[in-house]
Amino acid sequence: MKSASLQYANALADVALQQGAAEPVLKQLNDFAYSESAELRNFLASPAVTSREKHGVAEKIAARLGASRILRNFLFLVIDHRRTLMIAELAEAFASVIRERQGMAEAQVVSAVELSATQKKNLGQSLEKKTGKKIEAKYAVDKGLLGGIVVRIGDTVYDGSLRHRLNEMRATLAAD
């Protein structure tokens with residue numbers, strides 16, 4: 001993520017967490033970011049449209065979404081600093097910052113076959129123990145894996161796939 005996105009995300013997180021509104025603000029920002037049409041993006045990014053007009057439109061949309069004053073003010077700030085084209089990126093950065101500050105991490109788990117509920121639970125507990133964070137896992141199946149799983153948490157990859165193990169064995173045998 002770009003540093004500008006992180007600066008905005010951290011500023012919003014400071015306010016949202018201080019007011020105990022992190023989850024609602026996260027949902028509202030995502031609602032705004034992902035309901036944003038190409039026409040609205042062009043309107044908000046246009047230098048021909050005044051900030052006052054942009055504020056008016058953003059306020060109407062925020063009201064329609066039932067958004068908090070925190071989000072409305074954040075949208076005004078983004079408009080005033082001409083960062084409206086970054087709204088989706090800001091929403092992603094904000095979600096990441098909130099998860100990090102709440103001691104959570106997102107794990108992408110890819111397995112050769114569908115994992116059972118028990119396997120998912122055990123894997124989640126193991127990952128929480130290893131990382132010291134609460135894990136939000138997203139699961140996917142990749143028929144290309146021969147067996148095992150591959151887990152990505154942030155920049156860290158835990159590769160327990162059969163292919164990886166075979167490659168390790170091949171490298172060990174080649175070295176001997």
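The values are calculated or read from the model by the stated rules, or taken from the named source; none is laboratory data. Please read these numbers as outputs of a predicted model, since none were measured by experiment. Backbone-built Cβ (ideal geometry, glycine too); neighbour counts: all protein chains shown. Accessible surface areas use protein heavy atoms only, side chains included; no ligands, DNA or RNA. Shrake-Rupley method; radii C 1.70, N 1.55, O 1.52, S 1.80 Å.
Averaged over all directions, how much area does the convex hull of the C-alpha atoms of region 46-135 cover when projected, in nm²?
Numbers: hull surface 35.1 nm².
Quarter of the Cα hull surface area: 8.8 nm².
For the Cα atoms of the chain, what angle does the longest principal axis make with the long axis of helix 22-35, in degrees from 0 to 90, nearest 10?
Result, in degrees: 80.
Lysines near K60 by alpha-carbon distance under 27 Å, same-chain residues fewer than 8 away left out - which ones?
List returned: K27.
In percent, what relative contact order does region 14-136 have, based on Cα pairs under 8 Å that are 6 or more apart in sequence?
Details: 74 pairs, mean separation 32.8, N = 123.
Taking the mean separation of contacting Cα pairs over the length of region 14-136, I get 27 percent.
Compute the length gained on full extension between Q125 and L162: take 0.36 nm times their separation in residues and subtract their Cα-Cα distance, giving the result in nm to one decimal. Kindly include the intermediate steps, with their values, before the conclusion.
Working: separation 37, 0.36 × 37 = 13.32 nm, distance 2.19 nm.
Length difference between fully extended and current span is 11.1 nm.
Distance from the Cα centre of region 118-176 to that of region 63-79, in angstrom?
40 Å
Using the Cα atoms of region 11-81 to build a convex hull, what is its mean projected area in square nanometres?
Numbers: hull surface 17.9 nm².
Directional mean of the projected Cα hull area for region 11-81 stands at 4.5 nm².
So if we plug the beta-carbon distance of A45 and R69 into 1/(1 + (r/R0)^6) with R0 = 30 Å, what FRET efficiency do we get, rounded to 0.05? Please list the in-between numbers first.
Numbers: r = 24 Å, r/R0 = 0.80.
Plugging the Cβ-Cβ distance into 1/(1 + (r/R0)^6) gives 0.80.
Can you give the extra length, in nm with one decimal, that the chain gains between D14 and E100 once fully stretched, where that is 0.36 nm per residue apart less the Cα-Cα distance? Write down the numbers at each step before the final one.
Values: separation 86, 0.36 × 86 = 30.96 nm, distance 1.26 nm.
Full-extension gain reported as 29.7 nm.
Considering only protein heavy atoms and a probe of 1.4 Å, how much of the accessible area of region 53-117 is carbon and sulfur, as a whole percent?
Details: 1690 of 3280 Å².
The nonpolar share, carbon plus sulfur, comes to 51 percent.
In region 113-174, if every C-alpha pair distance is counted and binned at 10 Å from zero, what percent goes to each bin?
19, 47, 27, 7
What percent does the relative contact order of region 72-139 come to when contacts are Cα pairs within less than 8 Å and at least six residues apart? Numbers along the way, then the final one.
Values: 33 pairs, mean separation 25.2, N = 68.
Relative contact order, region 72-139: 37 percent.
Once both axes come from the Cα atoms, what is the angle between helix 162-175 and the longest principal axis of the chain, in degrees from 0 to 90, rounded to 10?
Roughly 60 degrees, rounded to the nearest 10.
What trypsin sites (Lys or Arg not before Pro) does region 111-176 have in DSSP loop regions with at most 16 other beta carbons within 10 Å?
Working: sites: K120, K121, K129, K130, K133, K134, K138, K143, R152, R163, R165, R170; in loops: K133, K143.
Taking region 111-176 and a limit of 16 other Cβ atoms within 10 Å, the loop trypsin sites (Lys or Arg not before Pro) found are K143.
Work out the length of the dipole vector of the chain about its Cα centre, built from +1 on the beta-carbon of each Lys and Arg and -1 on the beta-carbon of each Asp and Glu, and round it to the nearest 20 debye. Please report the intermediate quantities before stating the final value.
Details: 25 positive and 20 negative charges, 42 e Å.
Roughly 200 debye, rounded to the nearest 20.
Which distance in nm do the two modelled labels at K27 and T172 give, with both placed 7 Å along the Cα-to-Cβ direction?
The answer from the label model is 5.0 nm.
Could you pull out the trypsin sites (Lys or Arg not before Pro) across region 18-97 that fall in loop regions by DSSP (anything but H, G, I, E, B) with no more than 14 other Cβ atoms inside 10 Å? Present the calculation step by step, with values, prior to reporting the outcome.
Working: sites: K27, R41, R52, K54, K60, R64, R69, R72, R82, R83; in loops: R82, R83.
Here the trypsin sites (Lys or Arg not before Pro) that fit, given the DSSP loop and packing criteria, are R82.
As a test of understanding, state the convex hull volume per residue of the chain from its alpha carbons, in Å³. Each step should come with its number before you reach the end.
Details: hull volume 30.1 nm³, N = 176.
It is 171 Å³ per residue.
For the chain, take the longest principal axis of its alpha carbons; what is the angle in degrees between that and the long axis of helix 87-101, to the nearest 10 within 0 to 90?
Approximately 60 degrees, to the nearest 10.
Where only protein heavy atoms count, and the probe is 1.4 Å, what is the accessible area per residue for region 68-176 in Å²?
Values: 6810 Å² over 109 residues.
Computed with neighbouring chains in place, this is 63 Å² per residue.
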